[in-house]
Amino acid sequence: MDSDPFAAELESHRRYLTRVAQLQLRDRDAAEDVVQDTLFAALTGRDGFSGRSSLKTWLTGILKHKIVDAIRRKQRQPIIASTFDEEVDLEDFDPLFRDDGGWATPPAEWGDPESALSRREFFDMLDFCLEQLPPNTARVFMMREVMELDTAEICKELTITANNLWVILYRARMALRQCLEQNWFSGQARS
């Protein structure tokens, strides 16, 4: 029996999809379930793939909807904004800035970011840095930057205000910047 090349190509994206789902859901079993659902939906809906985007982009779009469905199915208690406040305090970032608002120590030279993005090691380090974020902060970052949910969707899902969302995203970006600068862009990881 001939193997299905489309199914094999779908399977080649499983690891990436699982990483995205696990970072968002923070539950290995739930992540594996949504990835399985995503691959099944892609396989059964293969005629819907027109090739106008990459297969990875198409799969990520399907995964995004499967994750949102999984979150809604859980019918968890709403996340209270105070739990976000307990995770990271904005004052933690004060030492990074001078009194006039400028950087106390300018960010390190990041070299060529586009070439870094093409390296698998960079994404492994990004995953590491995302895992270092407090769970709720990482969840908000993933909802916005990976799943590309808009502000209203995120605020409704998490029962937070837009101001809370922007503060959480600021915290996430600052923490990720610090982690990547220390662990990747310091020059040691690029050698």
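The set of residues from the range 53-66 being crowded, with 17+ Cβ neighbours inside 10 Å and either closer than 14 Å to Y16 by Cα or not assigned by TED's automatic domain parsing to the domain that holds E9 (or both) comprises W58, L59, T60, I62, L63, K64. Exactly one residue out of C129, C179 is within 14 Å of the chain's Cα centre (by Cα), at pLDDT below 90, more than 23 Å from A70 (Cβ to Cβ) and surrounded by 13 or more Cβ atoms within 10 Å (Cβ to Cβ), and it is C129. Taken together, the criteria exclude F49 from residues that are surrounded by fewer than 15 Cβ atoms within 10 Å (Cβ to Cβ) and farther than 16 Å from E145 by Cα.
The values are calculated or read from the model by the stated rules, or taken from the named source; none is laboratory data. Here the structure is a predicted model, which is why all the values come from computation and not from measurement. Using ideal geometry, Cβ is built from the backbone for each residue, glycine included, and neighbour counts are taken over all protein chains shown.
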